[in-house]
Amino acid sequence: VLPPSDRPLAVLPFRNISGAAVHDYYSEGLSAELRAALTRNPDLQVAAPTSSREVVRDGDDPVAVARKLGVAFVLQGSVAKAGGVIRVAADLIEAAAGLTRWSETFERSLSDVFAVQSEIADMVAQALAARITAEAGSDGEAPKGSAGAADAQGGSANVAAFEDFLHGREAFNLAASAETDRRALAWFDAAIARDPSYAAAHVWRARALSALAAQSGEAEAMRRDRDAAIAAARTAATLAPDFAAAHTTLGWVLFNQALDVRAARAAFARARALGGGDADVLMSSAVFAARTGGVEDARRDIARALVLDPLNPSAFRFAGAISIIATDNERALGELDRALALNPTGSVIHAYRGAAYAALGKWTEARAAYA
């Protein structure tokens with residue numbers, strides 16, 4: 001893990017205190033949008049969402065969260081949504097001292113939700129800048145630029161479209177079945193109908209279509225969903241050319257379903273140039289690099305992803321897959337064991353372990369893993 005000064009911040013899922021579980025999607029979505037806004041500031045290092053969620057599930061306090069994630073600061077808060085009004089409380093806690101360095105409460109019309117996100121992101125960036133500058137002395141340089149600009153890549157100024165998008169992302173993240181993927185797709189379609197220029201909605205529409213294509217048992221349906229996924233990702237990249245997620249998603253679909261390695265390589269290169277501090281971008285780029293002969297590049301990117309997202313079983317699963325490709329199967333088993341410890345029900349993790357054992361000639365263990 002890098003020293004805290006090199007990756008200072010974790011954004012925890014904001015708590016829903018609206019008194020209605022139906023609004024859980026909104027509090028989670030707001031914290032995700034804040035995390036994305038802060039990540040866009042090149043001078044801030046922000047822990048990835050999976051690890052941030054996991055430590056909250058463990059019930060850790062902010063200081064323990066910071067210790068587990070190797071960060072210096074933790075942003076936590078709560079959201080209350082009633083009618084057309086939203087109330088957001090946010091606290092920035094410095095782990096070493098266990099003290100709140102900045103705290104603010106915002107009450108706005110729901111139509112101002114994007115302004116609230118920008119305000120919080122900018123205030124957090126400024127508070128961190130003051131702290132970093134104080135530690136560095138008079139020669140220290142504060143983080144530059146707005147962390148949460150209103151025109152942030154991929155976003156929408158349409159509140160109803162934003163809510164549809166959050167509903168869709170909640171359904172897609174369930175990863176439960178084709179039915180939940182179709183439900184997510186319907187929400188993303190609704191968001192796009194309200195705001196056709198909503199690049200993030202096109203990105204997640206592409207992901208939902210890609211998932212449906214991968215699950216399809218009929219060639220015609222698979223081709224239809226695959227082609228629609230590529231089109232959606234291309235639309236997102238056109239609408240928001242500096243939106244890393246659009247290029248990552250395009251590269252993933254082009255490589256895994258269209259088998260277009262050359263076009264996928266260009267998309268992943270663009271994504272990595274734009275989002276080198278995003279764990280999801282790094283994981284996808286790493287797997288692509290390993291599968292196309294760039295094992296050293298893959299090792300570099302997956303190592304960085306593991307620093308940013310140390311409690312994400314997918315990161316360790318991808319690390320194991322890369323080690324198998326590199327024929328370092330003993331190392332792969334160690335990485336896959338870490339993945340299993342975080343997600344014991346991960347069937348793909350067991351399958352990779354079977355492959356590693358088989359490559360080592362350990363047939364009994366391989367059969368057990370595949371079973």
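The values are calculated or read from the model by the stated rules, or taken from the named source; none is laboratory data. Keep in mind that what you see is a predicted model, and the values were worked out from it rather than measured. For neighbour counting, all protein chains shown are included, and Cβ atoms are generated from backbone atoms with ideal geometry for every residue, glycine included. Just the protein is used for accessible areas: all its heavy atoms, side chains included, with ligands, DNA and RNA removed. Shrake-Rupley method; radii C 1.70, N 1.55, O 1.52, S 1.80 Å.
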In this structure, does V261 turn out to be touching a residue at least 24 places away in the same chain (Cβ under 8 Å), surrounded by fewer than 17 Cβ atoms within 10 Å (Cβ to Cβ) and not charged (D, E, K, R)? yes
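Give segment 240-251 a look and list any residue that's more than 22 Å from L212 (Cβ to Cβ) and in a helix (DSSP H, G or I), or say none.
Quick first cut of segment 240-251, residues more than 22 Å from L212 (Cβ to Cβ) only: 240-244.
A244, the sole residue that qualifies.
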Is at least one residue of segment 218-234 part of a loop (DSSP other than H, G, I, E, B), open to solvent by less than 60 Å² (accessible area, probe 1.4 Å) and over 19 Å from A199 (Cβ atoms)? no
Among the residues of segment 96-108, is there at least one that is in contact (Cβ under 8 Å) with a residue 60 or more places away in the chain and open to solvent by less than 10 Å² (accessible area, probe 1.4 Å)? no
Identify, from the list G277, G251, the residue that is open to solvent by less than 40 Å² (accessible area, probe 1.4 Å) and either closer than 20 Å to G168 by Cα or in contact with a Leu (Cβ under 9 Å, 6 or more places away or on another chain) (or both). G277
Reported set for segment 150-184 where residues are modelled with pLDDT under 85, surrounded by 14 or more Cβ atoms within 10 Å (Cβ to Cβ) and of a type in the set (S, T, Y) is S156
Would you mind stating whether A214 is open to solvent by 70 Å² or more (accessible area, probe 1.4 Å) and under 19 Å from A160 (Cβ atoms)? no
Condition first: out of contact with any strand residue (DSSP E or B) (no Cβ under 7 Å at 6 or more places or on another chain) and open to solvent by 70 Å² or more (accessible area, probe 1.4 Å). Can you find one or more residues in segment 299-309 that meet it? yes
Within segment 99-149, track down each residue that is under 25 Å from the mean Cα position of the chain (by Cα), modelled with pLDDT of 70 or more and charged (D, E, K, R). D112, E119, D122
Residue check, A321 within 19 Å of A351 (Cα to Cα), of a type in the set (A, V, I, L, M) and over 13 Å from the mean Cα position of the chain (by Cα): yes
Quickly run through segment 76-98 and pick out the residues that are touching a Ser or Thr at 6+ places or on another chain (Cβ under 6 Å) and at pLDDT 80 or above. V79, A80, A89, D91, I93
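Out of all the residues in segment 220-238, is one or more in contact with a helix residue (DSSP H, G or I) (Cβ under 7 Å, 6 or more places away or on another chain), over 25 Å from A303 (Cβ atoms), in contact (Cβ under 8 Å) with a residue 60 or more places away in the chain and of a type in the set (A, V, I, L, M)?
Yes: segment 220-238 contains one or more residues that are in contact with a helix residue (DSSP H, G or I) (Cβ under 7 Å, 6 or more places away or on another chain), over 25 Å from A303 (Cβ atoms), in contact (Cβ under 8 Å) with a residue 60 or more places away in the chain and of a type in the set (A, V, I, L, M).
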Examine segment 170-184 for a residue that is over 22 Å from R226 (Cβ atoms), in a helix (DSSP H, G or I), among the aromatic types (F, W, Y) and in contact (Cβ under 8 Å) with a residue 12 or more places away in the chain, and state whether such a residue exists. no
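Residues are listed down the side, and each one gets a yes or a no for (1) surrounded by 18 or more Cβ atoms within 10 Å (Cβ to Cβ); (2) touching a Ser or Thr at 6+ places or on another chain (Cβ under 7 Å):
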| site | (1), (2) |
| --- | --- |
| L311 | yes, yes |
| A339 | yes, no |
| S347 | no, no |
| R353 | yes, no |
| A358 | no, no |
